[in-house]
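The values are calculated or read from the model by the stated rules, or taken from the named source; none is laboratory data. In this text, all values refer to a predicted model and were calculated from it rather than measured experimentally. Cβ placement follows ideal geometry from the backbone for every residue including glycine, while neighbour counts extend to all protein chains displayed.
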Amino acid sequence: MSVGIRRTRSRFAAILFGGPAAIGLTMFLALPFLMALILTFTDQRLVSPDASRFVGLRNYERLLSVTTLVQDPVSVGDGQDRYVRIRDITRTDPEYRGYRPLTSFVMGDRRVTVLARDPAFLRALGNTFLFAVLVVPLQCVMALGLALLVNAGLRGQTIFRAVYFSPVVMSMVIVSVIWSFLFDRDLGLFNQALSLVSFGLIPPIDWLGDPSAAMPAIVIMSAWQGAGFQMLILLAGLQGIAQELYDAARIDGATAWQRFVHITLPGLRNTITFVLIVTTIAALGLFTQVDVMTGGGPRGSTATVMFEAVRRGVREQNVSYGATISLIYFAIITVFILLQQLVLRRRQGARR
């Protein structure tokens, strides 16, 4: 058989086996992405008697427009200086019309207010990255601890592995509902446990109704629910480290901590990198927990970008604006993940 015929058959086999996957990716990923991209340049709504129109970059301008307003105090005649209300300025000044306050701070005697056309999106973006910053290290540390326990050779290792992994296979909606009961202010198990441990000195915490406690509550629940998946990945990495390295370290008198730092962590370097990337991607897609447990509240403290995209695109039926949020968020996540991989690769190269 000639070399040309072999190459032809190899190419035909590659097309035959890879064709269905390529068609599936095109139909369910590429085409929806292209349709969403086209929608961002229109004013399409789900239910509207008017036909959709091309609006150019209006959706992007509304989503990303940010400006600042610097105010000097104004004397009101009673010996006190006050600032003009932001609402009065945004209603009368054409330069700031359509903007709403995002945050403000005082510098000397001046008040600086950051204005945005869509402050809810920017708050949701900040909440999303705050959730990722909190949950990724917590979940990965929990997963590593569970993997070390399971890998220690204790009795019932299979049972422990199944118990730790069981929250991963449970429906996130069911888990969120159960944890909502656990976080209940009056009858929740967490508040009862805190009251019991502190002999009644710690008052009940409104976990899901207090803006300062709602996000940590979702972080705790999410870390518990997802740690089992990372545990299995890290466990596979632990079992791939040669036992001879630990035996030689024990002979040299290395302590358990020294073995962990100089053998376990270097042996898990690539595995930990993979776990960090996967966990970060999952954290940036936070939606179900927020939708079930808090509905984006209280006062928008737990609203995330995915929650805002669904709320605008589906519940408010503004599919063009929801698609714009999704496209912008996709670009942000892509850049973030690429930067994360670059930093991790540079650290690995420096260690080598």
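Structural remarks
- Under the condition of being within 10 Å of the chain's Cα centre (by Cα) and of a type in the set (Val, Ile, Thr), the residues counted in the stretch 132-162 number 3.
- Taken over the stretch 277-316, the criterion of being over 21 Å from residue 212 (Cα atoms), among the charged types (D, E, K, R) and in contact (Cβ under 8 Å) with a residue 12 or more places away in the chain is satisfied by 311, 312.
- Residue check: residue 291 meets all listed conditions (1) farther than 26 Å from residue 311 by Cβ; (2) surrounded by 14 or more Cβ atoms within 10 Å (Cβ to Cβ); (3) charged (D, E, K, R); (4) at pLDDT 90 or above but one, namely (1).
- Helices (runs of 4 or more DSSP H) within the stretch 204-281 that include 2 or more residues closer than 30 Å to residue 338 by Cβ and among the hydrophobic types (A, V, I, L, M, F, W, C): 211-239
- Of all residues in the stretch 37-93, those satisfying the criterion of being assigned to a strand (DSSP E or B), within 32 Å of the chain's Cα centre (by Cα) and β-branched (Val, Ile, Thr) are 42, 66, 67, 68.
- Some residue of the stretch 179-199 being farther than 29 Å from residue 229 by Cα and in contact with a helix residue (DSSP H, G or I) (Cβ under 7 Å, 6 or more places away or on another chain): yes
- Residue in the stretch 310-321 that is among the charged types (D, E, K, R), in a loop (DSSP other than H, G, I, E, B) and either closer than 14 Å to residue 120 by Cβ or in the same structural domain as residue 175 (by TED's automatic domain parsing) (or both) present: yes
- The stretch 146-165 residues that are of a type in the set (A, V, I, L, M), paired with ones that are surrounded by fewer than 17 Cβ atoms within 10 Å (Cβ to Cβ) and assigned to a helix (DSSP H, G or I) (beta carbon under 6 Å, 6 or more apart): 150/157; 150/160
- Leading residue by the ranking (nearest to residue 66 (Cα to Cα)) among those in the stretch 97-120 that are without any contact (Cβ under 8 Å) to a residue 24 or more places away in the chain and hydroxyl-bearing (Ser, Thr, Tyr): 103
- Scanning the stretch 104-131 for residues that are under 22 Å from the mean Cα position of the chain (by Cα) and in a strand (DSSP E or B) gives no hits.
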